[in-house]
Amino acid sequence: MIKLSGVIITYNEEEHLRKCLSSLVDVVDEIIVVDSYSTDKTQEICKEFNVTFIQQKFLGYFEQKNFALEQASYNHVLSLDGDEALSDKLKSSILEVKKNWKYAGYYCNRRNNYCGKWIRFSDWYPDKKLRLFKKDSGEWKGINPHDTFKLKSNIKSGKLKGDILHWIYRDYDEHKQKVEQFSTIGAKSYFDLKISASLFKVYFRPSWAFFKSYILRLGILDGKYGWRICKQAFIVTYLKYSKLRQHWKNSKA
């Protein structure tokens, strides 16, 4: 049976961290927590578990995860965020894979809990993620604030049964605050990458984001929660490209 490292990045995760760590205890052979100097009880909670606790100034979303990956003792890694946990079915799936590892990485679905409700549709389920992998098979990449583990080319992956459980926003106000924050980060990241912001993008991309999430991916079936999620998908996309357009105007002033 292979040895497995559980790797987590945290910042003020006291609300859900116990669920996260508890779900890992019987699955992984070590737990590495890389924390961005939390000011809540994150470190105290980690002391309740057999955790290697490392403090590191936040480097960026995918940059921080690559740093955390380097701290793992084993080449096989399970990566979670502090507000995520493994479902019982996913735990069983991972334990089976530990006995017979076939692929470089394994995908699973993530189920998001929004304002106390488990979301079934829109862009939020199935929210496919690659979180179990050999650390020499790829690296974390993306455009902040989004990150994804990318396998090297021509490497095969598998699929696990069960879900990552994700507690995303406790209420609608928190969602709106995050939309404002993430649109600012996303706009700056796009500007640094020299991505343009035409008026077509400002007005078309948000409408497409809403239509895809609400109609094509059936967000309408999640009722008022689906409406709120898809509405904010429109808003975050509009704000990101509007702020990006302002960055370009400022750079030419």
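The values are calculated or read from the model by the stated rules, or taken from the named source; none is laboratory data. Not measured: the values here are computed from a predicted model. Neighbour counts run over all protein chains shown; Cβ positions are idealised from the backbone, glycine included. What goes into the accessible areas is simple: the full protein's heavy atoms, side chains included, and nothing from ligands, DNA or RNA. Shrake-Rupley method; radii C 1.70, N 1.55, O 1.52, S 1.80 Å.
Summary of values
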{"item": "Long-range HN-HN contacts of Trp167 with modeled amide H, under 5 Å", "result": "Asn113"}
{"item": "In sequence order, calculated HN-Hα J values of region 197-203 (Karplus, 6.51, -1.76, 1.60; Hz; x Gly/Pro)", "result": "9, 6, 4, 4, 5, 4, 9"}
{"item": "Filter on Lys134/Lys188; Lys3/Lys161; Lys57/Lys129 - keep pairs with C-alpha separation over 29 Å", "result": "Lys134/Lys188"}
{"item": "Most mobile of Leu151, Leu193, Leu218 in a GNM of the chain (Cα contacts under 10 Å)", "result": "Leu193"}
{"item": "For the chain, calculated [θ]222 nm from helices alone, where every DSSP H run of n ≥ 4 adds -39500 (n - 2.57)", "result": "-13000 deg cm²/dmol"}
{"item": "Length-normalised contact order of region 64-186 in % [C-alpha pairs under 8 Å, at least 6 apart]", "result": "35 percent"}
{"item": "Phi to ³J(HN,Hα) by Karplus 6.51 cos²θ - 1.76 cosθ + 1.60 over region 76-89, Hz, x for Gly, Pro", "result": "9, 10, 10, 10, 9, 9, x, 9, 10, 8, 8, 5, 4, 5"}
{"item": "Cross-link partners of Lys47 among lysines (Cα-Cα below 19 Å; sequence separation of 8 or more within a chain)", "result": "Lys19"}
{"item": "Net lengthening on full extension, Leu95/Cys115 (0.36 nm per residue, minus Cα-Cα)", "result": "4.1 nm"}
{"item": "Charged-residue dipole, Cβ positions (Lys, Arg, Asp, Glu), region 208-253 about Cα centre, Debye nearest 20", "result": "240 debye"}
{"item": "Set Lys212/Lys243; Lys91/Lys176; Lys201/Lys249; Lys99/Lys159; Lys102/Lys152 screened for pairs whose C-alpha atoms are more than 26 Å apart", "result": "Lys91/Lys176"}
{"item": "Per residue, in Å², the accessible surface of the chain once ligands and nucleic acids are set aside, probe 1.4 Å", "result": "52 Å²"}
{"item": "Net charge of neighbours whose Cβ lies under 12 Å from the Cβ of Leu90, counting Lys and Arg as +1 and Asp and Glu as -1", "result": "+4"}
{"item": "Accessible-area composition of the chain, carbon plus sulfur, in percent [1.4 Å probe]", "result": "51 percent"}
{"item": "Trypsin sites (Lys or Arg not before Pro) restricted to region 53-156 and DSSP loop, no more than 11 other C-beta within 10 Å", "result": "Lys57, Lys102, Lys152, Lys156"}
{"item": "Whole-number percent relative contact order across the chain, with pairs defined as alpha carbons under 8 Å at least 6 apart", "result": "19 percent"}
{"item": "Rounded, prolate or oblate (a/c below 1.5 giving rounded, otherwise prolate when a/b exceeds b/c) for region 110-253 by Cα gyration tensor", "result": "oblate"}
